[in-house]
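Heads up, the thing below is written out as structure tokens.
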Amino acid sequence: MRKKERVKVLKNELLELNKKLLEKQQKKLTPGVRRAIQKLKAQRRKIVKELVELEESEGGEK
């Protein structure tokens, strides 16, 4: 049950990050904006990695 809640929260965070990333990519690419984009992409990779780990562990229990 807790895993399902965690997956739901992570997916919502991922959606928010993607929205922020799209907003940043629409702006002129200054060094500050590039840095912000890199930071958002790193956060996105971290969330996706955690989601994959949760799904793999869920599949192993069944």
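We did not get these values from a lab; they are worked out from the coordinates using the rules stated. Note that the structure is predicted; figures quoted are calculated from it, not measured. Using ideal geometry, Cβ is built from the backbone for each residue, glycine included, and neighbour counts are taken over all protein chains shown.
Across the range 30-45, rounded Karplus estimates of 3J(HN,Hα) from the backbone phi angles (6.51 cos²θ - 1.76 cosθ + 1.60, θ = phi - 60°) give 8, x, x, 5, 4, 4, 5, 5, 4, 5, 5, 5, 5, 4, 5, 4 Hz, Gly and Pro being marked x.
Give me the number: length gained by fully extending residue 16 to residue 53, i.e. 0.36 nm times residue separation minus the C-alpha to C-alpha distance, one decimal in nm. Numbers along the way, then the final one.
On the way: separation 37, 0.36 × 37 = 13.32 nm, distance 2.05 nm.
My answer for the length gained is 11.3 nm.
Would you mind working out the magnitude of the charge dipole of the chain relative to its Cα centre, with +1 at each Lys and Arg C-beta and -1 at each Asp and Glu C-beta, to the nearest 20 Debye?
On the way: 20 positive and 10 negative charges, 108 e Å.
Using only the charged Cβ atoms, the result is roughly 520 debye.
Can you pull the Rg over Rh of the chain, Cα-only, Kirkwood? Write down the numbers at each step before the final one.
On the way: Rg = 14.6 Å, Rh = 12.8 Å.
Looking at the chain, the ratio lands at 1.14.
Would you compute, from DSSP H runs of 4+ residues alone, the mean residue ellipticity of the chain at 222 nm, taking -39500 (n - 2.57) per run and dividing by the full residue count, rounded to the nearest 500?
Details: 2 runs with 56 residues, N = 62.
Here the helix-only value at 222 nm equals -32500 deg cm²/dmol.
Largest GNM mean-square fluctuation across 41, 19, 27, computed for the chain with C-alpha springs under 10 Å, falls on 27.
In whole percent, what relative contact order does the range 7-54 give with Cα contacts below 8 Å and a gap of six or more residues?
That works out to 50 percent.
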